[in-house]
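Where a number appears in this text, it was derived from the coordinates with a stated rule and is not lab data. Computed from a predicted model, the values in this text were never measured in an experiment. Cβ placement follows ideal geometry from the backbone for every residue including glycine, while neighbour counts extend to all protein chains displayed.
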Amino acid sequence: MPKKAVVVLSGGLDSTTCMGIAQAAGFETYPLTFHYGQRHSREVEQAKKIAAFYNVPNHRIVDLDFLKQIGGSALTDERIDVPVGKKNGEESEDIPPTYVPARNLIFLSLAAAYAETIGAEVIYIGVSAVDYSGYPDCRPEFIRSMNETVGLATKAGVTGAGIRIEAPLAHLSKKETIEWGLKLGVPYELSTSCYQGGSEACGECDSCRLRLKGFEEAGAKDPILYKKG
């Protein structure tokens, strides 16, 4: 039987890199994409294309409209503006308004349930604590605690089979992530990062700025389209 891995696939640069890493490690990958009421559906559409690129046996898309119902984030509440023109938190240590409450906690809980059901031994998630926006659920200590929790809360964990959460990008800059992905042939042209979700990325939101900075430092051209001006 092939070894299996669940990949939390948002359609963004980091999760797409994780797909490439999991594939290169020899796993049969089972991507899991969440439609959680984000401002646009472009992430989900690009995730479908990425899954098709890797010819996966099963791509699950999960609706989590509850996150939109409760709001509390610029990504799920139209009344909260997405910051543009500067890096989120550039002049403040506050957690930026693009933070979605407990998002990765929820995603990993559902990914653990899925992994246990299909007999997957690993969950890949593309969080980073280097070039990121200051989200608390992207920190290595959060991943460590979730690994412990999954071990305690699942049948696989208490019977010895185990499910581990891998965050291979946790200590990498965007430059280093992109360099790794390019070596693996990751289809960055299919990924999306812009919080605005247009067919052309805005180039001004925090996510776009981090992505552009990463490609520039890696000495590579970002293959997606950006608005001119």
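Results, tabulated for the structure shown:
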| item | result |
| --- | --- |
| Kirkwood hydrodynamic radius (C-alpha pairs) into Stokes-Einstein, the stretch 9-68, 25 °C and 0.890 mPa s, D in µm²/s | 209 µm²/s |
| The stretch 4-217 - convex hull of the alpha-carbon atoms, volume per residue in Å³ | 114 Å³ |
| Longest DSSP-loop-exposure-free segment, GluC sites (Glu not before Pro), the chain, at most 12 other Cβ within 10 Å | 94-199 |
| Ellipticity estimate at 222 nm from DSSP helix runs (n ≥ 4, -39,500 (n - 2.57)) divided over the chain, nearest 500 | -11500 deg cm²/dmol |
| Principal-axis tilt of helix 174-184 within the chain, Cα atoms, nearest 10 degrees | 60 degrees |
| Rg and Dmax [Cα atoms of the stretch 96-145; Å; Rg one decimal, Dmax integer] | 12.0, 37 |
| Relative contact order (%) - criterion: Cα under 8 Å, at least six apart; region: the stretch 1-49 | 44 percent |
